[in-house]
Each structure stands twice: as C-alpha cells, then as structure tokens.
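Undergrad: First, the structure itself, so that you have it in front of you.
The values are calculated or read from the model by the stated rules, or taken from the named source; none is laboratory data. It should be emphasised that the depicted structure is a prediction, and the values quoted were computed from it without experimental measurement. All Cβ positions, glycine included, derive from the backbone under ideal geometry; neighbour counts span all protein chains shown. These accessible areas exclude ligands, DNA and RNA; they are computed on the full protein's heavy atoms, side chains included. Shrake-Rupley method; radii C 1.70, N 1.55, O 1.52, S 1.80 Å.
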Amino acid sequence: LKHEALEQLQGVNDPQTLNDLRVKYLGKKGALTEILRGMGALSAEERPVIGQVANDVRGAIEEVIESKQQAFQRAETQQRLQAEKVDVTLPGRKLEQGGIHPLNKVIQEIEDIFVGMGYRVAEGPEVETDYFNFEALNLPKNHPARDMQDSFYITEDILMRTHTSPVQVRTMQSMEGEVPVKVICPGKVYRRDDDDATHSFQFNQIEGIVIGKDIRMSDLKGTLLQFMRELFGPQTQIRMRPSFFPFTEPSAEVDISYVQAGKGEEPKWLEILGCGMVHPKVLEMGGYDPEVYSGFAFGIGVERVAILKYGIDDIRHFYNSDMAFLKQFAQI
Ligand code: PHE
C-alpha cells in the first residue's frame with residue numbers, strides 16, 4: 001500500500017489530483033483508514049505491530065502530500081509574480097495636457113488690452129428681459145430694427161439676449177450716475193440663424209461702454225485704433241463706415257486692414273465691429289443726463305477676431321470639439 005501510494009503521489013503535478021489521492025488513502029473511507037478500522041479483529045500481539053506500521057505509512061504519505069502542496073504553492077506564487085512584473089525601465093506614458101479654447105484665448109487677450117486701458121470687466125445675464133435687450137436700447141416693440149436680431153423667446157418678455165448691449169444699460173444703472181463709466185462685457189449671445197460657415201445661433205461678443213464728460217467720436221476712434229493695433233499688430237489701419245444702430249447716434253461699422261498671408265501686400269478691409277455714440281435716449285434710460293454726459297459704445301464679434309487672427313475658414317470649427325482642430329491652439 002505504501003509503495004503504491006508513494007508512487008502515485010510522485011507522479012502528481014496538479015493540486016486537484018493530489019487532493020483526490022489524499023482522500024483515497026487518508027480520507028474517511030480511505031484505504032489506510034480501512035486498515036486501522038479492522039484492527040479490532042487482530043490479536044493483542046499483532047495490534048501494536050500493525051498499528052506501528054500503519055502509522056508509519058500514514059506519516060510517509062502525509063509527508064509527501066505536504067511537500068507536494070508546498071511545491072504547488074511556490075509555483076503559483078512564482079507564476080503570479082511573473083504575471084504582475086512591472087518593467088520600471090519602460091518610458092512613461094505622456095499625459096495629455098489641455099489647452100485654452102481659441103475663443104477664450106481671444107477673449108482673454110481683448111480683456112487684457114482693455115484692462116490695460118483702465119476698463120473694468122463686467123458680466124450680464126444671457127437670459128434677458130425684453131426691456132434690457134431692446135426697450136432700454138431705444139428699440140421699442142414693433143421697431144423694424146428688431147428684425148435684424150431675430151431671437152429665441154422664453155416667454156413674451158424674456159429671451160436669450162441677442163447682443164451684449166443690454167449690459168450697457170445694466171452698467172449705467174448700477175453706476176447710479178457716477179462717471180467715468182469704463183466697462184467691457186464679454187459674453188454669449190443668441191440669434192435665430194441657421195448655422196453655416198459664417199453664422200451660428202450662438203456666438204460671442206464683447207461690449208464696451210465709456211461715459212463721461214466731453215467724450216467724443218474721436219475718443220472712440222482713437223480707442224479702437226489703439227486696440228486693433230495691439231491685437232493685430234502696429235501696422236493695422238481702421239476704417240469707419242456710417243451705419244445704423246438704434247442705441248447709438250451716430251453709428252459706424254469698423255473695418256480693419258488685413259493682409260492675408262501669401263496674398264501679396266494689398267490689404268483687404270474686413271468688418272470687425274459695430275459702434276457709435278450712445279444715443280441720448282439710452283443715456284437717459286441709464287440715468288445719465290444727455291445734456292451733461294456723453295459716451296461711446298462698441299460691440300466686437302469674438303469669432304470674427306479669432307477667424308482673422310488664426311486664419312480659420314469655418315466658424316463651426318469653434319463649436320464642435322474636434323480635438324485635431326483644438327490641439328493646434330494648445331501651445332499658442
Ligand atoms: N449690439 C450691436 C450688434 O450686436 C453692436 C453694437 C454695440 C453697435 C455697441 C453699437 C454699439 O450688432
């Protein structure tokens with residue numbers, strides 16, 4: 001029995017078979033247990049002899065099983081260590097670093113320029129009342145110029161603001177007649193437009209407003225020229241064309257001279273913002289006496305500036321989170 005058991009145990013090379021053999025020889029119904037159970041039938045002289053032999057056999061079998069078990073455990077540990085091995089000499093994986101969105105870069109740059117000229121940055125709500133978005137800007141109900149800015153209405157009197165100009169009124173009212181007012185307001189605006197390469201139902205503007213005594217059109221022009229030169233380079237020229245906005249009088253649209261890379265020296269004129277002298281009615285509604293104070297205002301299209309600065313051909317690139325597009329700006 002001992003030989004048979006030891007021989008079988010030697011050949012074992014998996015824990016399952018080892019356990020089966022343990023049961024076969026040492027288990028409750030095992031071969032050795034059977035022998036020990038039969039001891040009662042033996043004579044008094046035989047019993048200790050056979051008992052001794054049986055115990056020896058059990059000891060030998062247990063020893064082999066024990067050592068086999070240890071060997072299996074060692075092998076398993078070894079295998080696990082191998083599988084979990086880390087090669088510390090491998091080069092690390094590069095972490096992707098985010099970048100500032102090109103529109104935000106432009107907004108920050110414009111803010112910096114105006115802050116450098118002593119302006120304060122203010123914000124206003126994107127969900128605006130009809131009063132601030134139109135009425136207080138000299139655009140009463142049924143005014144034909146409202147058509148220029150078709151909007152998204154929440155209720156009859158509440159809408160997504162169509163421009164940042166309501167902040168002109170909000171700023172004036174919050175200043176309670178104090179001067180000077182010198183504020184710019186960046187923010188999103190909404191119009192009911194079909195999206196294409198040059199239109200979007202949502203875009204960004206930066207409004208500027210200055211109010212004080214003796215503020216003139218020449219101050220507006222000088223400010224804008226200085227601003228454009230800081231933004232687009234010292235050679236930049238600006239051109240003002242007469243225009244119409246209900247909240248400014250006179251009103252103008254401003255073009256900048258722009259030399260396209262690789263297209264010779266001949267500059268092109270490109271429209272970049274709307275501006276004008278704050279309309280007396282708007283001053284009045286803002287709490288400033290138009291006989292004493294005057295001011296100018298302008299509204300810059302952020303996307304337009306970004307398109308010119310970075311040479312982008314489709315406004316939709318800014319909005320659809322295309323990593324290939326955005327990554328180009330990560331380092332700028
Ligand atoms: N609010 C005008 C627009 O969105 C721009 C503008 C702002 C014009 C301030 C004049 C003064 O078209």
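Undergrad: Let me know the charge dipole size of region 29-108 about its Cα centre in debye, to the nearest 20, where only the beta-carbon of Lys, Arg (+1) and Asp, Glu (-1) is charged. Intermediate results must be reported in sequence, preceding the final value.
TA: Details: 11 positive and 11 negative charges, 141 e Å.
Dipole magnitude for region 29-108 comes out near 680 debye.
Undergrad: Can you give the charge dipole size of the chain about its Cα centre, rounded to the nearest 20 debye, using +1 on the beta carbon of Lys and Arg and -1 on the beta carbon of Asp and Glu?
TA: Numbers: 37 positive and 50 negative charges, 203 e Å.
Taking the Cα centre of the chain as origin, the dipole is about 980 debye.
Undergrad: May I ask you to give the solvent-accessible area per residue for the chain, in square angstrom, as obtained with a 1.4 angstrom probe?
TA: Computed with neighbouring chains in place, this is 59 Å² per residue.
Undergrad: How large, in percent, is the carbon and sulfur part of the accessible surface of region 227-318 at a probe radius of 1.4 Å?
TA: Numbers: 2160 of 4360 Å².
Here carbon and sulfur together make up 50 percent of the probe-accessible area.
Undergrad: Follow-up. Distance cut-off 27 Å, Cα to Cα: go down the list 221/281; 141/281; 182/268; 141/309 and report the pairs above it.
TA: Too far apart for the 27 Å limit: 182/268; 141/309.
Undergrad: Obtain the radius of gyration and the Kirkwood radius of the chain from its C-alpha atoms and give Rg over Rh.
TA: Ratio of gyration radius to Kirkwood radius: 1.61.
Undergrad: At 4 °C and a viscosity of 1.567 mPa s, what translational diffusion coefficient does Stokes-Einstein give for region 2-112, taking Rh as the Kirkwood radius over Cα pairs? Give it in µm²/s as a whole number.
TA: In µm²/s, the coefficient rounds to 66.
Undergrad: For the charge dipole of the chain, defined by +1 on Lys and Arg C-beta atoms and -1 on Asp and Glu C-beta atoms about the Cα centroid, which residue among 310, 293, 25 has the Cα displaced farthest towards the positive pole?
TA: Among 310, 293, 25, the one farthest towards the positive end of the dipole of the chain is 25.
Undergrad: Quick one: with all protein chains in place, what share of the accessible area of region 14-172 is carbon or sulfur, to the nearest percent (1.4 Å probe)?
TA: 53
Undergrad: What longest region of the chain stays clear of GluC sites (Glu not before Pro) that DSSP places outside H, G, I, E and B and that have at most 16 other Cβ atoms within 10 Å? Spell out each step's value before the answer.
TA: Numbers: sites that count: 45, 84, 96, 123, 126, 156, 176, 178, 265, 291.
In short, 179-264.
Undergrad: Give me the angle, in degrees from 0 to 90, between the Cα long axis of helix 46-83 and the longest principal axis of the Cα atoms of the chain, rounded to the nearest 10.
TA: 20
Undergrad: How many angstrom separate the Cα center of region 120-198 from the Cα center of region 43-98?
TA: 78
Undergrad: Using only Cα atoms, tell me the angle between helix 166-175 and the longest principal axis of the chain; keep it within 0 to 90° and round to the nearest 10.
TA: So the helix axis and the longest Cα principal axis differ by about 80 degrees.
Undergrad: How large is the translational diffusion coefficient of region 235-332 in µm² per second when you combine the Kirkwood radius over alpha carbon pairs with Stokes-Einstein at 37 °C and 0.692 mPa s?
TA: Stokes-Einstein gives a translational diffusion coefficient of 204 µm²/s.
Undergrad: Starting from the amide H of residue 158, placed 1.01 Å from N in the peptide plane, find each other amide H under 5 Å away whose residue is 5 or more places distant or on another chain.
TA: It is 130, by chain and number.
Undergrad: State the answer as a single residue: which of 323, 183, 83 lies farthest towards the positive end of the charge dipole of the chain, with beta carbon charges of +1 for Lys and Arg and -1 for Asp and Glu, about the Cα centre.
TA: Comparing the listed Cα positions along the dipole, 83 ranks first.
Undergrad: Dipole of region 32-171, Cα-centred, from +1 at each Lys and Arg C-beta and -1 at each Asp and Glu C-beta, to the nearest 20 debye?
TA: That gives region 32-171 a dipole magnitude of about 360 debye.
Undergrad: I've got another one for you. Within the chain, which is the longest segment containing none of the trypsin sites (Lys or Arg not before Pro) that sit in a DSSP loop and have at most 12 other Cβ atoms within 10 Å?
TA: It runs 264-332.
Undergrad: Calculate how steeply helix 15-26 sits against the longest principal axis of the alpha-carbon atoms of the chain, using the helix alpha-carbon long axis, and give the answer as 0 to 90 degrees to the nearest 10.
TA: Orientation of helix 15-26: about 30 degrees from the principal axis.
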